[in-house]
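Working notes, structure below.
Only the coordinates and a few stated rules stand behind these numbers; no lab work does. As the structure is a computational prediction, the values presented were derived from the model and not from experiment. Virtual Cβ from ideal backbone geometry, glycine too; neighbours counted across all protein chains shown.
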Amino acid sequence: MKYEIIYYHCGRTSEIEHELKGCLSAAGMELQYACAAADPKELVKKLTASLKRAGLVIIAAAEEKGNSGAGVVLEKTLMPKKGSRTIKLPSDSDDGYFAEIYESGGQAVVLYCAEADNCGGIKEMRERLAGFFGVEISGEECEDTEKIMEQLDDQMKTVSRVRIAVEGGMTAEKRHKESLKKIKISIAVLLSLAAVLLGAAAWLFISYM
C-alpha cells in the first residue's frame, strides 16, 4: 500500500520521514511521494492531489492556533463529507494529541504533530491504520529513539577505542624505530673507536720495532 506525506510549517522533515517509514513499513505501507505546503490554500490543493494517488496521506505539521492551522483546514475540508469520522491519539508527553486520523470513504488522512514525542503513540497509529485498511503488521517494531542513540554512542566509543589503539600502536612502532636508530649509531661509534685504537696500537708496535 502506498502513502504520501505533506509537510506543513514544520522542520525536521528527514527525521519525521525516517520515523514514519521505519514504523509503517511493518504494515506493508510504502512511501510514494513527499512534498511541502506553505499556506492553507496550497495545503488543500496538494491534499486533493495526493488523495487521487494514494489511500493514505500524512500531513506532518507544527502545532498552530488560528485558521491557518492544519487541523482547522482539515476539519473544513474533510469533515463535511458524509460518513467521515475523526480518531484522536493522545501524546505521550502531554494532554494533547500527537495524531488525528480522518477516515472517509476507504481513505485516511493523518494529521501528525511534528513537535510531539511520538515514539510510543506511532505504534498505536500504525495499528489503527492497519485495521482500517485491513492489512497485517509483521513482527518488526519501531525502534525507540533512545535505543538508536545508545547504539550510535556505542559505535562512536568503538571507533574511538580503535583510533586510540591504532595511534598507540603507531607510537610504539615509532619508539621502536628510534631505539634501533640509536643502537645503530652507538655501534657505528664503537666501531670507529675500535678502528682508532687498533691504529694506535699498530703505530706503537712499529715504533718499538
- Item | Rounded FRET efficiency, nearest 0.05, which uses the C-beta distance separating Lys174 from Glu42 and R0 of 41 Å | 0.05
- Query: Which ³J(HN,Hα) values in Hz, rounded to whole numbers, follow from the phi angles of region 37-52 under the Karplus curve 6.51 cos²θ - 1.76 cosθ + 1.60, where θ = phi - 60° and Gly and Pro get x?
  - Reply: 10, 9, 8, x, 4, 5, 4, 4, 4, 6, 5, 4, 5, 5, 5, 7
- Item | Coil-residue trypsin sites (Lys or Arg not before Pro) of region 20-75, DSSP, other Cβ within 10 Å capped at 11 | Lys65
- Message: Beyond a 25 Å Cα-Cα separation, which of these cross-linked pairs lie in this structure: Lys52/Lys76; Lys21/Lys41; Lys123/Lys157; Lys46/Lys76; Lys76/Lys123; Lys41/Lys123?
- Response: Lys21/Lys41; Lys123/Lys157; Lys76/Lys123; Lys41/Lys123
- Query: For the pair His18 and Ala49, how long in nm is the line joining their label points, each one 7 Å along Cα→Cβ?
  - Reply: 2.8
- Note on the structure: Note: Ala195 to Thr77 extended length (0.36 nm per residue) minus current alpha-carbon separation gives 32.1 nm
